[in-house]
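S.K.: Before I ask anything, let me first share the structure, which is written out below as structure tokens.
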Amino acid sequence: MLVLQLNLNHCRAAQDVLSQTARETKMDIALLSEPHRTGSDNRWAVDLSGKAAIWSCGVTGATMHSVHSAEGFVRARIGGAWLNSCYMAPSLTTNEFERMMDCLGNDIRGRSDVLVAGDFNAWAQDWGCPRINARGRVVRETLASLDLVLLNEGNQHTWFSRARAGSIIDLTFASPSIATGANWRISGSFTASDHEAILCSIGSPQERPREPNPRGYRVDTLQARNFTEAARDIGNVLPSGANKMAATVETTLLFTGGASR
């Protein structure tokens, strides 16, 4: 499952670019903060504030189950995983932020195969910020208590201000069962937003299709008369046992019939 995470900053152009990106990269799911618009069909799930959303953007339209909307986050079960899209506005007081994180934690607790992604507007050295603030401590403690693993790698900024000063506030966490096989990276593609897009591939690799059996017979080399005579007489030479019988039939027809593999 290919998941894109992005804060659209309420920007129409950013959402238009997202739609194009979804088609080009064949994304399955988008976990969005501050979308410009959301849909009303079953491809969309939105939190109570309208600022966090899950968009099933794949061609097949992965079905969402057990959708739950709360203040600051929305979750849905998709393809065996619990996906949570979050947005914690910078205007929240510390108490409001703690309350939202408590609600998120209570909703996740006891679940496995969880992915949590969003703009938390929180700083901590754990994800590459130069220092930790009160929000960072709350995020770190809440999600650590749920045995979730931080997927962010490196110290590349995910958000930029007008002065091109940046910070790392878009975070991705996952259960160990998902984190083990996850591939997390910052896209680096144009978003028309002041946030970078994050791509995360989750789930077990699909089983490699079996190679076709290379063994076969060329019809154009068949010697029909020899084949017919061998088939008529083969019953006189069959040994006992199914495997030995099959091997004898194959060898006799191969070499007396004149067909090659």
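S.K.: Going by the structure shown, is G118 within 14 Å of I169 (Cβ to Cβ) and not in a strand (DSSP E or B)?
M.R.: Details: within 14 Å of I169 (Cβ to Cβ): yes; not in a strand (DSSP E or B): no.
Answer is no for this residue.
S.K.: Of everything in the range 121-132, what is surrounded by fewer than 23 Cβ atoms within 10 Å (Cβ to Cβ) and small (G, A, S)? Give them in sequence order.
M.R.: Passing the criteria: A124, G128.
S.K.: Considering only the range 1-52, state which residues are in a strand (DSSP E or B) and not small (G, A, S). Working first, answer last.
M.R.: Within the range 1-52, the first condition is being in a strand (DSSP E or B), and the residues that meet it are 2-7, 29-33, 44-46, 52.
Hits for the range 1-52 are L2, V3, L4, Q5, L6, N7, I29, L31, L32, W44, V46.
S.K.: Out of the range 158-174, which residues are surrounded by 13 or more Cβ atoms within 10 Å (Cβ to Cβ) and more than 18 Å from L4 (Cβ to Cβ)? Step through it out loud before you land on a result.
M.R.: Here is the first cut: in the range 158-174, the residues surrounded by 13 or more Cβ atoms within 10 Å (Cβ to Cβ) are 158-160, 166-174.
Across the range 158-174, the qualifying residues are F160, G166, S167.
S.K.: Please name all residue pairs, on different chains or six or more residues apart, with Cβ atoms under 8 Å, provided the first residue is in the range 140-159 and is assigned by TED's automatic domain parsing to the domain that holds W82 and the second residue is of a type in the set (K, R).
M.R.: Close Cβ pairs satisfying both conditions: L146/R109; E153/R185.
S.K.: Moving on to the next point. If I ask for residues that are hydrophobic (A, V, I, L, M, F, W, C), out of contact with any His (no Cβ under 7 Å at 6 or more places or on another chain) and over 23 Å from I178 (Cα atoms), which ones from the range 139-168 would you list?
M.R.: Of all residues in the range 139-168, those hydrophobic (A, V, I, L, M, F, W, C) come to 139, 143-144, 146, 148-151, 159-160, 163, 165, 168.
Now restrict to residues that are out of contact with any His (no Cβ under 7 Å at 6 or more places or on another chain): 139, 143-144, 146, 148-151, 160, 163, 165.
If the condition is that a residue be hydrophobic (A, V, I, L, M, F, W, C), out of contact with any His (no Cβ under 7 Å at 6 or more places or on another chain) and over 23 Å from I178 (Cα atoms), then F160, A163, A165 are the ones that fit.
S.K.: Next up: Among A192, A182, which is modelled with pLDDT of 90 or more, at positive phi and surrounded by 14 or more Cβ atoms within 10 Å (Cβ to Cβ)? Even if it seems obvious, please write down each step before you answer.
M.R.: Values: A182 fails: at positive phi.
It is A192.
S.K.: Among G105, G136, G118, G50, which is the only one that is at pLDDT 95 or above, crowded, with 16+ Cβ neighbours inside 10 Å and on the phi > 0 side of the Ramachandran plot?
M.R.: Answer to the check: G118.
S.K.: Among the residues of the range 53-84 satisfying the criterion of being of a type in the set (S, T, N, Q) and part of a strand (DSSP E or B), which is nearest to L115 (Cα to Cα)? So that I can check it myself, show each step before the final result.
M.R.: So the first thing to find is which residues in the range 53-84 are of a type in the set (S, T, N, Q), and the list is 56, 60, 63, 66, 69, 84.
Within this subset, residues satisfying the condition of being part of a strand (DSSP E or B) are 56, 66, 69, 84.
Details: S56: 15, S66: 15, S69: 16, N84: 6 Å.
Going through the qualifying residues, I end up with N84.
S.K.: Of all residues in the range 6-37, which are β-branched (V, I, T) and surrounded by fewer than 16 Cβ atoms within 10 Å (Cβ to Cβ)? Before you say what the answer is, go through the steps one by one.
M.R.: As a first pass, look at the range 6-37 and keep what is β-branched (V, I, T): 17, 21, 25, 29.
T25 - this is the single residue of the range 6-37 that is β-branched (V, I, T) and surrounded by fewer than 16 Cβ atoms within 10 Å (Cβ to Cβ).
S.K.: Restricting attention to the range 139-157, and to residues there that are touching a Ser or Thr at 6+ places or on another chain (Cβ under 7 Å) and closer than 27 Å to F190 by Cα, which single residue is surrounded by the most Cβ atoms within 10 Å (Cβ to Cβ)?
M.R.: L151
Residue by residue, here is whether (1) over 21 Å from R77 (Cβ atoms); (2) part of a loop (DSSP other than H, G, I, E, B); (3) under 17 Å from the mean Cα position of the chain (by Cα); (4) not aromatic (F, W, Y) holds:
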residue: G136; (1), (2), (3), (4): yes, no, no, yes
residue: D147; (1), (2), (3), (4): no, yes, no, yes
residue: N152; (1), (2), (3), (4): yes, yes, yes, yes
residue: Q156; (1), (2), (3), (4): yes, yes, no, yes
residue: F173; (1), (2), (3), (4): no, no, yes, no
residue: I178; (1), (2), (3), (4): no, no, yes, yes
residue: G181; (1), (2), (3), (4): no, yes, yes, yes
residue: G188; (1), (2), (3), (4): yes, yes, no, yes
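S.K.: Residues in the range 14-26: is at least one touching an Asp or Glu at 6+ places or on another chain (Cβ under 7 Å), assigned by TED's automatic domain parsing to the domain that holds I169 and touching a residue at least 60 places away in the same chain (Cβ under 8 Å)?
M.R.: Our first condition is that a residue be touching an Asp or Glu at 6+ places or on another chain (Cβ under 7 Å); within the range 14-26, this holds for none.
No, there is no match, as no residue in the range 14-26 is touching an Asp or Glu at 6+ places or on another chain (Cβ under 7 Å), assigned by TED's automatic domain parsing to the domain that holds I169 and touching a residue at least 60 places away in the same chain (Cβ under 8 Å).
The values are calculated or read from the model by the stated rules, or taken from the named source; none is laboratory data. Small disclaimer: the values here were computed from a predicted structure and weren't measured. We place every Cβ from the backbone using ideal geometry, glycine too, and count neighbours over all the protein chains shown.
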